Amino acid sequence: MGYAVDHAIENGGTAIFSETTEIIGAEHILAKRTASKEVTSKIYESTRKNEEMAILNGVDLVGTNPVPDNIKGGLSTIEEKSLGSILKSGTTRIMDVIDYAKTPPGKGLYFMDSPSAATEVSTALMASGCQLILFSTGNGNPMGNPISPVVKVTGNPRTAKVLKLHIDVDVSDIITGDTSIREAGERTIGSVEKVINGKMTRAEILRHYEYSPVPIGL
């Protein structure tokens, strides 16, 4: 997915990555890619606010993120999940941090300060103007969106097999060593191009059009 994001940016596009709890513990890595010191401060501020929100409400972020399914799948800490999550943003400069459902002011890569619930995030991305949403899923998720097509990508061989009706892009052969990141990235780009040109996503075919207009919690 990071390869596909880089491709979009390099060709004059705009991309947004989101879910603030999914960068906690890896924010210092993202800070090295920001376009300015002001953007760096916004990155740190967004994670600080989320951690404070959790503490004030007596919430243990372990159990909220990683969620039980993540833990069952082998993740043990927020930091461990974040190190994987930030790879989805690719390698280009982060132009700015935008608020929930806000439209980016220009081209390039942006981070949206948002909760991590899938439906809330897709709703925010739709409202911000995203014409397509790339959604990575390890254990599978049937959700869709009423306006922006949701292209689901999985690297889990079991999910690709058991929930194949919900998966648009199967890159699980990365795990088996039968393909490279570049090849999987090109496959993802190919799927995106087909959807842009009219192909229906799995969520659309199965009539999944979930949305949640109000951000709640983490």
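Under the condition of being at pLDDT 95 or above, farther than 10 Å from Ser18 by Cα and among the hydroxyl-bearing types (Ser, Thr, Tyr), which residue from the range 79-122 is surrounded by the most Cβ atoms within 10 Å (Cβ to Cβ)? Across the range 79-122, the extreme among qualifying residues is Thr92. Checking each residue in the range 26-71 for being at pLDDT 90 or above, within 15 Å of Ile86 (Cβ to Cβ), not charged (D, E, K, R) and not in a helix (DSSP H, G or I) picks out Ala26, Thr34.
Tally the residues that are in a loop (DSSP other than H, G, I, E, B) and buried (at least 21 other Cβ atoms within 10 Å of the Cβ), restricting the search to the range 1-23. Count: 4.
How many residues, within the range 97-145, are on the phi > 0 side of the Ramachandran plot and touching a helix residue (DSSP H, G or I) at 6+ places or on another chain (Cβ under 7 Å)? Count: 3. Can you confirm whether Gly185 is of a type in the set (Gly, Ala, Ser), under 14 Å from Val153 (Cα atoms), out of contact with any helix residue (DSSP H, G or I) (no Cβ under 8 Å at 6 or more places or on another chain) and part of a helix (DSSP H, G or I)? It is false that Gly185 is of a type in the set (Gly, Ala, Ser), under 14 Å from Val153 (Cα atoms), out of contact with any helix residue (DSSP H, G or I) (no Cβ under 8 Å at 6 or more places or on another chain) and part of a helix (DSSP H, G or I).
The values are calculated or read from the model by the stated rules, or taken from the named source; none is laboratory data. Keep in mind that what you see is a predicted model, and the values were worked out from it rather than measured. Reconstructed Cβ throughout: ideal geometry from the backbone, glycine too, with neighbour counts over all protein chains shown.
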